[in-house]
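Read the figures in this text as sums done on the coordinates, not as results from a lab. What you see is a predicted model; the values in this text were computed from it and never measured. Ideal geometry is used to build each Cβ from the backbone, glycine not excepted, and the neighbour counts take in all protein chains shown.
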Amino acid sequence: MSVTNTVQSAAGAASATPTTSGRNVIGKDEFLKMLIAQLKNQDPLNPLDGTAFTAQLAQFSSLEQLQNINTQLGSFTRQQQSLSGSQAVSLIGKEVLARGNTVQAAGSPVALSYQLAGDAAEGMVRIYNAAGEFVDALSFRNQKQGLNTLTWSPPSSLSGVCTYEVIATDRAGRAVGADTLVQGEVTGVNYRDGAVTLSVGGREIAYGDVVSVKKINTN
């Protein structure tokens, strides 16, 4: 393969995958060195065609721009993660409502919250232990669309993390959608693999799953 073809092939690979790390992908510095080497070693009797040279310069320019964009995106992502972390810390000591279906059974009453997509004539909240076994159920009637909450008193023999689901129907017997929600006081913030989670009632909740925040009434 000629030097020209080698440079063009390398340029195509680099410009197509500017963010990929590996020995088969070159950066803009390596590309420029190869281009200079090509000019130094070209055949004087058959110099590089001007059109081909211009195309290679355009490839170099595109590669540089893509790498600069990638660097800027990386910087923006880190800034966003830092901002999210700072905002999450401000939630410590406050009560949050977030998407989720887990509760901590520890011998005291706990709130089971859910968002109904429509008015429900009747429904049931089914609760399962950590092994996925059915352990308890709460029934309800005539609940309005929106946020609803039932209080569950776990059996004294039950402890640990439990999950729950909501099944509801309207007056015509049609299913009513329900999204389960968890609530509790934020006691800590965790950072793992660039993600931010909140410690709420002995469980971790993704920061992005929070749907509402309110101050805890200390009176």
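See the values below:
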{"item": "Dipole magnitude of the stretch 145-219, debye to nearest 20 (Cβ charges: Lys/Arg +1, Asp/Glu -1, about Cα centre)", "result": "200 debye"}
{"item": "Tensor-based shape of the stretch 95-214 (alpha-carbon gyration tensor, a/c under 1.5 rounded, otherwise prolate or oblate)", "result": "oblate"}
{"item": "Relative contact order %, the stretch 107-195, counting alpha carbon pairs below 8 Å whose residues are six or more apart", "result": "39 percent"}
